[in-house]
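Notes for the one structure printed next.
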Amino acid sequence: MKKEDLRIVYMGTPDFAVPTLDALVQGGYNVVGVITMPDKPAGRGHKVQFSPVKEYALEHNLPLLQPEKLKDEAFLEALRGWQADLQIVVAFRMLPEVVWNMPRCGTFNLHAALLPQYRGAAPINWAVMNGDRKTGATTFFLDHDIDTGRIILKEELPIADDENVGSVHDRLMEMGKGLVCRTVDLVLEHDANIEQIPTIDQETLMDDLVAATGISELRPAPKIFKETCHIDWNQSARTIYNKVRGLSPYPAAWTELTLTDGTALSPVKVYKASVVSECKETAAVPGTMQTDGKNFIHIACADGCISLEELQLPGKKRMEVKALLNGVRL
């Protein structure tokens, strides 16, 4: 089957979804329509902001739908009118069965993790926060549950010990576009007969994971909330270090600091930190701070201390600790 004959509807919203859409368009695949989230006000002026996927669709004259509700009959009628053979989802939202089961070839999703690990909304953050040395991406056919469908393709990506979630996100974003195109090529190679496409049941992979690692439970990747980002100084230095890099640059881990006049500052966002091998705070109560007022801020934790290197005080710009200490006394 030729790529021009396979009618594709693409669903996505953030920056992460744009390179994949561009790869499909530039690769000559037949993208007949794009679906993204409705416009929403953003910033202090509450100016209406288009999603990155919408901006791309407009620039390339791609038909566009922005449904408020995915079960709305007017939306479903418009979607049927595109007569899609295949739907592709990259960083969009959970779809009802009436949507994902509509095309004859079904709907596949690009998930930024090595399924069945890290099912959920924030797989990249949690992989880094948990200190994993590798992650990856998976394409799979959607079914009734979240991130549980039959796996089509997977590709691994190493995580360096000093990487933050921002750099891992960007590398996965680039890797993902190739994985999606190869998945579409598989559909084409089998003449859009999805029953003939080789897939792997995730339950089988779960059994293999237990056999290989002895781990009987999978790590989830739930949505990140403000309380998720709060630093608990009773944890180990390595746990806190991984948390900081797993939330940097967004949404950022945070803590509280106190000025010498007793003013409490919160939230203080922490974008970069390091584990200090030797420090005076090793025996201190977790959360105890030491600073020379010029060059460093050390915070005691359960088994040592953390050096804060890049911070953002409430209402201020993000800055390195030396620059911050020039303006405030902690």
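Numbers below:
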| read-out | value |
| --- | --- |
| Condition broken by Leu205, with the remaining ones in (1) open to solvent by 30 Å² or more (accessible area, probe 1.4 Å); (2) of a type in the set (A, V, I, L, M, F, W, C); (3) closer than 26 Å to Lys243 by Cβ satisfied | (3) |
| Candidates Ala192, Ala160 - the one that is over 30 Å from Ser266 (Cα atoms) and under 22 Å from the mean Cα position of the chain (by Cα) | Ala160 |
| Any chance Leu186 is assigned to a helix (DSSP H, G or I), without any contact (Cβ under 8 Å) to a residue 60 or more places away in the chain and more than 19 Å from Ala302 (Cβ to Cβ) | yes |
| Given (1) within 16 Å of Tyr118 (Cα to Cα); (2) touching a strand residue (DSSP E or B) at 6+ places or on another chain (Cβ under 7 Å); (3) open to solvent by 50 Å² or more (accessible area, probe 1.4 Å), number of the condition Val168 does not satisfy | (3) |
| Those residues of the range 134-165 which are of a type in the set (D, E, K, R), open to solvent by less than 40 Å² (accessible area, probe 1.4 Å) and in contact (Cβ under 8 Å) with a residue 40 or more places away in the chain, in sequence order | Glu163 |
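Per-residue answers, yes or no, for (1) at pLDDT 95 or above; (2) over 30 Å from Glu310 (Cα atoms):
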position: Glu195; (1), (2): no, yes
position: Asp201; (1), (2): no, yes
position: Leu209; (1), (2): no, yes
position: Thr213; (1), (2): no, yes
position: Trp233; (1), (2): yes, no
position: Thr239; (1), (2): yes, no
position: Tyr250; (1), (2): yes, no
position: Trp254; (1), (2): yes, no
position: Val276; (1), (2): no, no
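Each row is one residue, and each column tells you yes or no for (1) out of contact with any Ser or Thr (no Cβ under 9 Å at 6 or more places or on another chain); (2) on the phi > 0 side of the Ramachandran plot.
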position	(1), (2)
Tyr241	no, no
Pro251	no, no
Leu257	no, no
Gly262	yes, yes
Ala273	no, no
Thr288	yes, no
Asp292	yes, no
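The values are calculated or read from the model by the stated rules, or taken from the named source; none is laboratory data. Quick caveat: nothing in here was measured; it's all calculated off a predicted structure. Because the Cβ atoms are built from the backbone with ideal geometry, glycine has one as well, and the counts that use them run over all protein chains shown. Calculation scope for accessible area: heavy atoms of the full protein, side chains included, ligands and nucleic acids excluded. Shrake-Rupley method; radii C 1.70, N 1.55, O 1.52, S 1.80 Å.
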